[in-house]
Amino acid sequence: MALPSTASAARLRLLTVPALLLLLSSAALLVFLVLPSLSPSSSATSGHLCACSPPSTHTTTTVTTTTTTASPAPVTTSPADVAWLKAQLAANSLLADGAAASHDAWHRLRKGINPRTREQQLFDINRHHGISHYPDEEASNHTALPCPGELLVEEHHSNYGEPWAGGRDVFEFLANASALTPTEQVLEIGCGTLRVGLHFIRYLEAGRFHCLERDELSLMAALRYELPAQGLLYKRPMIVKGEDMDFSKFGDTVMYDLIYASAVFLHIPDKLVWTGLERLAGKLRPQRGRIFVSHNIKFCSRLGGDECTRRLAKLGLEYVGKHTHDSLLFNHYEIWFEFRRPKV
């Protein structure tokens, strides 16, 4: 058989390349049309084969619930938090320590804000019976929880000898030192106006915070102002008026994971402090539970070391150690003494 000439071979290539492309296109079209008819008819299988089909609602819900678990809020302000805040202060050219050269200079920083002392605010509230108040003919009470003016201007925030912000420091130390979780039970002896207690109430589950307080004004501030103002009524803390270390209203079966007294035992006779410890020792969870007392434990040290240890052991308690904790916002630290119940 004779071979084709060079010109004939070129013409053959020109004819066969388009024909080959046409043949391949036709084959691909045939496969596209025939393949769906060969696949199983179930909707689940078809869904997997079709890459463009949207995911089902069930699949989306499953992914969401398994990948978006909320983390609990941290107890303590971290170094990263402090560094971020300092950067914001610097970026806005604010004073590094929040202070001004003089009292007048501090007020000049207000830039149009109308500064009034608490006494001035109280005068206006009492004179007008409110801020935007109803006229005399409609002066009947339209307020769900009427609150004394002294509480509205927060005079009670200055009643306890140090800045109100110190309550956060106490909470952070105690919650961390006791490895507290929101499901556990806390008792504060002398919670006052809830400078510390508010943070525990917010952190704990409903009903988990108990307090024994003897001061009527403090109780009024806690119940009539702080809890409603902070939106914490739903947490249902149990705050009881009482003295003489009477904890009977809290129930016979409650067990506490943390019991603390912040600057309270300083003002109570030693004999009454021991009475309170005797009544609470059996309510402290063994091993896990902790008692913390601030400032000093002269009710114990005045007995002498050996006698104090013996008396604690008789109650089923033991001394763990001494701690100090620094304030975040002002130059202050507190001393805390830790006790536990080693066994049943």
Could you tally the net charge around Ser248, taking each other residue with its Cβ under 12 Å from the Cβ of Ser248, Lys/Arg +1 and Asp/Glu -1?
-> 0
Of the cross-linked pairs Lys314/Lys343; Lys249/Lys314; Lys283/Lys343; Lys298/Lys322; Lys249/Lys283; Lys271/Lys343, which ones have a Cα-Cα span greater than 18 Å in the structure shown?
-> Lys249/Lys314; Lys271/Lys343
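Taking the mean number of other Cβ atoms within 10 Å as a proxy for protection, how do you rank 260-267, 143-150, 71-78 from highest to lowest?
260-267, 143-150, 71-78
Counting heavy atoms of the protein chains only and a 1.4 Å probe, report the per residue accessible area for region 221-298 as a whole number of Å².
48 Å²
Suppose R0 equals 51 Å. What FRET efficiency, 1/(1 + (r/R0)^6) with r the Cβ-Cβ distance, do His295 and Asp136 give to the nearest 0.05?
Between His295 and Asp136 the formula returns 0.50.
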Between Leu217 and Lys111, what length comes free when the chain is fully extended (0.36 nm per residue of separation minus the Cα-Cα distance, one decimal in nm)?
-> 34.6 nm
Using modelled amide H (1.01 Å from N, peptide plane; none on Pro or chain starts), what sits under 5 Å from the amide H of Gln185, excluding residues fewer than 5 places away?
-> Asp257, Leu258
Across region 77-90, in residue order, what do the Karplus-derived ³J(HN,Hα) couplings come to in whole Hz, using 6.51 cos²θ - 1.76 cosθ + 1.60 with θ = phi - 60° and x for Gly and Pro?
-> 5, 8, x, 5, 4, 5, 4, 4, 5, 4, 5, 5, 4, 5
Shape call, region 299-344: gyration tensor on alpha carbons, a/c limit 1.5 | oblate
Residues in region 246-261 that a label on Lys271 would reach, taking backbone N under 17 Å of a point 7 Å out along Cα→Cβ | 246
Highest-first arrangement of 105-114, 224-233, where packing means the average Cβ count within 10 Å | 224-233, 105-114
Rounded, prolate or oblate: which fits region 100-210, taking a ≥ b ≥ c as square roots of the Cα gyration tensor eigenvalues, rounded meaning a/c under 1.5, else prolate when a/b beats b/c?
-> oblate
Enter the accessible area of Tyr134 (Å², nearest 10), with the probe set to 1.4 Å and all protein chains included.
-> 120 Å²
Extension gain Asn126-Val320, at 0.36 nm per residue separation less the Cα-Cα distance, in nm?
-> 64.7 nm
Subtracting the Cα-Cα distance from 0.36 nm times the residue separation, let me have the gained length for Thr253 to Thr181 in nm, one decimal.
-> 23.9 nm
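Whole number please: convex hull volume per residue, Cα atoms of region 188-316, in Å³.
Enclosed volume per residue, from the Cα hull, is 106 Å³.
The values are calculated or read from the model by the stated rules, or taken from the named source; none is laboratory data. This is a predicted model, so every value here is computed, not measured. Positions of Cβ are generated from backbone atoms using ideal geometry, with glycine treated the same way; all protein chains shown enter the neighbour counts. Remember, those area values only see protein heavy atoms, side chains included, never the ligands or the DNA or RNA. Shrake-Rupley method; radii C 1.70, N 1.55, O 1.52, S 1.80 Å.
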